[in-house]
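Encoded as structure tokens, the structure appears first; notes follow it.
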Amino acid sequence: MDLTNTSKKSAALANGHEYIRVLIALAFVLAVGFYATTNGVEVSNISILAIAAAIGAYMAVNIGANDVANNVGPAVGAKALSMTGAIVIAAIFEASGALIAGGTVVGTIKNGIIDPNFIGDSGTFIWVMMAALLAGAIWLNLATYLGAPVSTTHSIVGGVLGAGIAAGGWDIANWDKMTAIVASWVISPLLGGIIAALFLMYIKRAITYKSDMIAAAKKAVPLLVGLMVWAFSTYLILKGLKKIWSLDFVSAAMIAFAIALTAYFIVRPIVDKAAAALENNKDSVNSLFTIPLIVSAALLSFAHGANDVANAIGSH
């Protein structure tokens with residue numbers, strides 16, 4: 001066997017697949033720009049609309065290329081999901097999050113970072129937002145090419161702030177809002193790390209350190225799924241559904257508890273059935289975390305869609 005020729009063929013095939021992916025992304029961007037000119041929206045400059053829509057699509061492609069790995073990467077890495085399954089789950093739940101709960105963050109990107117009143121005319125404001133969106137998209141594209149996981153929110157917030165200051169001066173910025181946003185960038189990873197450490201400690205104490213790990217996992221895994229469903233349902237009721245169903249935290253938490261209890265009783269027999277065929281060792285027990293990993297990937301995708309959709313469309 002000629003290993004040199006085989007390597008060359010493999011490299012050529014990989015390059016061919018890469019070109020196909022680029023062409024698909026380019027076709028999507030152009031299609032969105034074309035659709036924007038034909039959907040019946042009345043604007044004074046149809047060319048600006050097409051360019052803005054295409055830039056938004058370009059940003060969305062880069063968000064998908066860079067940030068989706070944050071949501072489904074752990075499940076794929078643990079072999080709980082195939083890449084195809086992860087993409088399907090991400091597509092469904094990202095879109096659901098954007099449609100159901102994406103409005104609040106869109107408003108922050110559009111009006112919360114800079115004050116449009118400091119810009120003399122609407123035309124300049126349009127160019128400011130387009131510049132911010134294009135800058136964020138190009139940076140994301142570069143980071144994705146380099147294999148660096150970066151925050152799309154950081155990119156677009158910085159783009160809007162920088163373009164706004166260039167057009168309207170330092171006073172255009174809402175510094176109180178920016179302080180809160182930057183604080184969240186510090187608090188979020190710290191809080192996420194603390195919660196992850198607590199979960200790991202619970203899993204070790206409740207399952208790994210037990211003599212009968214299978215029996216312990218049969219109790220703990222459904223509880224973990226129920227906890228995730230409770231937290232997500234509470235968030236969804238309070239934020240995603242607040243325009244059609246406004247409730248206080250206690251009421252939302254109680255309804256979410258009922259939903260979580262239902263999820264617990266659905267998952268428990270599934271885990272029991274899977275556990276029946278397993279040996280009492282760590283590797284076997286790890287396979288029972290397939291369901292929590294899939295659920296967490298779906299919920300993370302929903303939350304990501306609700307939050308990061310604003311990065312692609314908020315400036316529009």
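The table that follows gives values for the structure above.
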quantity	calculated
Yes/no for residue 110 being within 28 Å of residue 49 (Cα to Cα) and not hydrophobic (A, V, I, L, M, F, W, C)	yes
Of residues in the range 154-182 being in a helix (DSSP H, G or I) and of a type in the set (S, T, N, Q), the one surrounded by the most Cβ atoms within 10 Å (Cβ to Cβ)	155
3 or more residues aromatic (Phe, Trp, Tyr): qualifying helices (runs of 4 or more DSSP H) within the range 50-145	122-145
Flag if residue 297 is surrounded by 21 or more Cβ atoms within 10 Å (Cβ to Cβ), under 17 Å from the mean Cα position of the chain (by Cα), at pLDDT below 85 and assigned to a helix (DSSP H, G or I)	no
Flag for residue 241 being touching a Ser or Thr at 6+ places or on another chain (Cβ under 7 Å), surrounded by fewer than 21 Cβ atoms within 10 Å (Cβ to Cβ), of a type in the set (A, V, I, L, M, F, W, C) and farther than 21 Å from residue 195 by Cβ	no
Residue satisfying all of: in the range 101-120; at pLDDT 80 or above and either aliphatic (A, V, I, L, M) or out of contact with any helix residue (DSSP H, G or I) (no Cβ under 8 Å at 6 or more places or on another chain) (or both); nearest to residue 180 (Cα to Cα) among these	113
Residue 270 vs. criteria closer than 17 Å to residue 96 by Cβ and assigned to a helix (DSSP H, G or I)	no
Residue match in the range 236-249 (condition: at pLDDT 90 or above and either in a helix (DSSP H, G or I) or at positive phi (or both))	no
Residue satisfying all of: in the range 129-153; over 19 Å from residue 29 (Cα atoms) and loosely packed, with under 15 Cβ neighbours inside 10 Å; modelled with the highest pLDDT among these	146
Pairs with Cβ under 9 Å, 6+ apart, first in the range 115-138 and among the β-branched types (Val, Ile, Thr), second surrounded by fewer than 18 Cβ atoms within 10 Å (Cβ to Cβ) and assigned to a loop (DSSP other than H, G, I, E, B)	126/45
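The values are calculated or read from the model by the stated rules, or taken from the named source; none is laboratory data. Keep in mind that what you see is a predicted model, and the values were worked out from it rather than measured. As a convention, Cβ positions derive from the backbone with ideal geometry for all residues, glycine included, and neighbour counts pool all protein chains shown.
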